[in-house]
Amino acid sequence: MDDWKIQITDDASKVLLSDKLTEDDRQVIRDWAKTIKKYGPNKLLERPDKWADHALSGKWAGYRSSSFSFKGRIIYKIINEIITVTVVRITPDHNYKV
């Protein structure tokens with residue numbers, strides 16, 4: 001299978017470049033992205049102790065969340081179910097509010 005692709009929204013990119021994240025946070029997010037690109041999002045489910053990846057509900061139905069720190073989350077949606085994972089939000093504080 002071809003590698004998966006990751007698209008990051010402008011809002012998520014701003015958080016990645018901000019001082020809201022530590023360098024350790026950024027490294028974990030890079031590891032998350034490498035895992036997605038190489039194996040796809042289902043690989044995250046094999047490490048619940050690391051990623052705590054799960055489906056969201058309510059207003060965020062159709063999206064998933066992965067942990068990158070105790071409070072930090074990567075909120076993403078799988079598009080086309082085959083090739084593209086779009087990261088729509090990165091939150092350093094477990095805040096899902098828009």
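The values are calculated or read from the model by the stated rules, or taken from the named source; none is laboratory data. What you see is a predicted model; the values in this text were computed from it and never measured. Neighbour counts are summed over all protein chains in view; Cβ atoms, including those assigned to glycine, are modelled from backbone coordinates with ideal geometry.
Summary table below
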| read-out | value |
| --- | --- |
| Cβ pairs under 6 Å, 6+ apart, first in region 3-24 and more than 21 Å from ASN80 (Cα to Cα), second assigned to a loop (DSSP other than H, G, I, E, B) and at pLDDT below 85 | LYS20/PRO92; LEU21/PRO92 |
| Qualifying positions in region 1-25 - charged (D, E, K, R), surrounded by 14 or more Cβ atoms within 10 Å (Cβ to Cβ) and either under 23 Å from ASP49 (Cα atoms) or touching a Phe, Trp or Tyr at 6+ places or on another chain (Cβ under 7 Å) (or both) | ASP25 |
| Residues of region 42-92 satisfying the condition of being surrounded by fewer than 16 Cβ atoms within 10 Å (Cβ to Cβ), at pLDDT 80 or above, within 23 Å of LEU17 (Cβ to Cβ) and not basic (Lys, Arg) | SER69, PHE70 |
